[in-house]
Amino acid sequence: MPSTTIAITALVVVLGLVFDFINGFHDTANAIATSVSTRVLSPQAAIVMSAVCNFTGAFISVKVAMTIGSGIVNPSQISQGVVVAALLGAIIWNLTTWYFGLPSSSSHALIGGLLGAAIIFKGSLLVINWSTLWWKVLLWLFLSPVIGFIAGFILMTALNWTLKSLRPATVTGIFSKAQVVSAALMALNHGGNDAQKSMGVIALALFSGGLIAQFGVPLWVKASCALAMALGTSVGGWKIIKTMGVSMTRLVPVNGFAAETGAAAVIFTATMLNAPVSTTHIISTAIMGVAASKRLSSVRWIIARNIVWAWVLTIPICALLSGALLLAIRFIR
């Protein structure tokens, strides 16, 4: 096997793990923002809990990895350079949105990068499996935030009705403990869906480079991606935690429990349906739904609008960025 192929594959593995590490600290807020903002957990305890659950969740399934690695783009029709460009574009976008404190989707950054690089490589739109892209990605792009909002709204409304006879101090005491469980569930499902994206692109590079005979996710890839995400989570993403847990709306433990439980249920359902959803989208709108159950003015809609713009722009910007990076790689070579 040519040494160039081995070198490029090694580069893809490194970039994939770097992406997973950044995904970990970029998306730490998905699992722990509400727990930290309600002071149920200290930042240090929340990060440790989230890191352990993210690592464990990465071993739940490889269904999402198969969608990313072989469902959207045919692995036999692209080069390893496409994967390099896709990862670089997604990493640049993640770091940019982290710098500005915007909880954008790492998942859709990677998908957008893969789309843009693959189309530029083949010079054709036919390289994309549009059916899988629509049913597994784009449809869930629109549906998951809506479902997250509804889940948060309904669960919080039900809790308000059920707990109306209890004193606020009693409710806080109960859900200060219950929110630890909901945060763990959120972190577990975050690992179960998000870590699989890097697994998928690394497996894609291994297959396109001829290092594995058929598309699949080797155990060492699972373990490496799980560890990278857990390490990234341990770093924490405080700017995004502030945006989601403090700036968007004011939360108390029962609110955090409702948002995390609703979001975790939606993410788990998507994972079982092989859909690479954005945990960021779902927990963000679940928080909005919880706040809106009290009154619409409880949500700071200006901040919510900025977040939505980041969602809308992620896939097209990352597609353009990764396509341009692939052209640059070709030019340098």
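The values are calculated or read from the model by the stated rules, or taken from the named source; none is laboratory data. The structure displayed is predicted, hence computed values, not measured ones. Reconstructed Cβ throughout: ideal geometry from the backbone, glycine too, with neighbour counts over all protein chains shown.
Structure above, values below:
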item	result
Selected residue (criterion: modelled with the highest pLDDT) from residues of the stretch 141-200 that are under 23 Å from residue 37 (Cβ atoms) and charged (D, E, K, R)	167
Flag for residue 37 being within 23 Å of residue 252 (Cβ to Cβ) and either modelled with pLDDT of 85 or more or touching a Leu at 6+ places or on another chain (Cβ under 6 Å) (or both)	yes
Test: residue in the stretch 117-124 that is charged (D, E, K, R), at pLDDT 90 or above and within 20 Å of residue 322 (Cβ to Cβ)	yes
Enumeration of residues in the stretch 146-188 that are in contact with a helix residue (DSSP H, G or I) (Cβ under 7 Å, 6 or more places away or on another chain), more than 18 Å from residue 269 (Cα to Cα) and small (Gly, Ala, Ser)	176, 178
Subset of the stretch 183-218 (residues that are closer than 19 Å to residue 81 by Cα and among the charged types (D, E, K, R))	197
Which numbered condition residue 223 fails, given (1) out of contact with any Leu (no Cβ under 6 Å at 6 or more places or on another chain); (2) in contact (Cβ under 8 Å) with a residue 24 or more places away in the chain; (3) within 17 Å of residue 17 (Cα to Cα)	(2)
Helices (runs of 4 or more DSSP H) lying entirely in the stretch 1-106 (those with 1 or more residues that are crowded, with 24+ Cβ neighbours inside 10 Å and without any contact (Cβ under 8 Å) to a residue 12 or more places away in the chain)	none
Selected residue [over 18 Å from residue 200 (Cβ atoms) and small (Gly, Ala, Ser)] from 79, 61, 70, 50	50
From 269, 243, residue being at pLDDT below 85, surrounded by fewer than 24 Cβ atoms within 10 Å (Cβ to Cβ), part of a helix (DSSP H, G or I) and polar (S, T, N, Q)	243
Looking only at the stretch 278-329, and only at residues there that are modelled with pLDDT of 75 or more and basic (Lys, Arg), the one that is surrounded by the most Cβ atoms within 10 Å (Cβ to Cβ)	294
Filter result for residue 111 (in a helix (DSSP H, G or I) and over 20 Å from residue 288 (Cα atoms))	yes
Residues of the stretch 282-305 satisfying the condition of being of a type outside the set (Gly, Ala, Ser), touching a Ser or Thr at 6+ places or on another chain (Cβ under 8 Å) and not in a helix (DSSP H, G or I)	299, 300
